[in-house]
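FYI, it's all coordinate maths here, none of it is from the lab. Predicted model only: the values in this text are computed from it and were never measured. Glycine also receives a Cβ, built like all others from the backbone with ideal geometry; neighbour counts cover every protein chain displayed.
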Amino acid sequence: MDPIDLTSYSGLAAVYLLSVNLLLGILMSARYNPWKRWPHRRINILKLHNWTAYVGLGLSLLHPIPLLFVRKPRFALVDILYPVSSPEQPTINCLGAICLYVLIFTVITSIYRAEIGRQRWKPLHYLTYVVATLFVIHGALTDQHLNDSPVDLLDAEKVGIIACGVVILAAAIVRFRWTSKHPKFHPPTRATVP
């Protein structure tokens, strides 16, 4: 397996894990209870959500590293950390780097959620939708062979990445529509004192 394949597979695994992570987060935000509903088992969704986040972040951090060992085109460390002038697809690589940095920010703010406070943390955590948008765009438009071939959106890997984006979008729409119809799931508002 060459470095380009390692980069592709680690990125694809990160996309799938982070998609599962987002879907678990959507379930938790809608107060889904797997004990009362399907599958009628005690499942710690928060623990699974955290695990998929940490492993997805690890895979995302490892994803560009094998590019340092590709002979042609030659990537330097600066091309990975700040890919504005990377030898291949600098715009798409910048989107991937922004995605990674926003993901790191989201995970760090989640670790310090108690110190930040829920009211401040929650709007920051909505950045996960930005992460999802960016990883779908980056994954779907990247030339995974690095040989200047046109992007084939019907490639199985690309179809899988786009499918993840469609599922996340559909789940987010259903979640926001459901919570708007169920007022008990709205965050409490402070009563104004005259």
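Can you tell me how region 71-130 classifies by the Cα gyration tensor, rounded, prolate or oblate, using a/c under 1.5 as the rounded cut? Don't jump to the answer; show the numbers that get you there.
Values: a/c = 5.11, a/b = 2.98, b/c = 1.71.
Cα axes put region 71-130 in the prolate bin.
Where the convex hull is taken over the Cα atoms of region 1-124, what is its projected area averaged over directions, in nm²?
9.5 nm²
Let me spell out the model: positive unit charges on the Cβ of Lys and Arg, negative unit charges on the Cβ of Asp and Glu, origin at the Cα centre of the chain. What dipole size does that give, in debye rounded to 20? List each step's numbers first, then the result.
Values: 19 positive and 10 negative charges, 351 e Å.
Charge dipole, the chain, about its Cα centre: 1680 debye, nearest 20.
Want the number for Met28 to Ile65: 0.36 nm per residue separation, take away the alpha-carbon distance, what's left?
My answer for the length gained is 10.0 nm.
Within the chain, which whole H helices from DSSP have a Cα span along their axis of at least 18 Å and a mean Kyte-Doolittle hydropathy of 0.0 or more, if any?
Passing helices, by number: 3-29, 45-62, 90-111, 127-141, 156-181.
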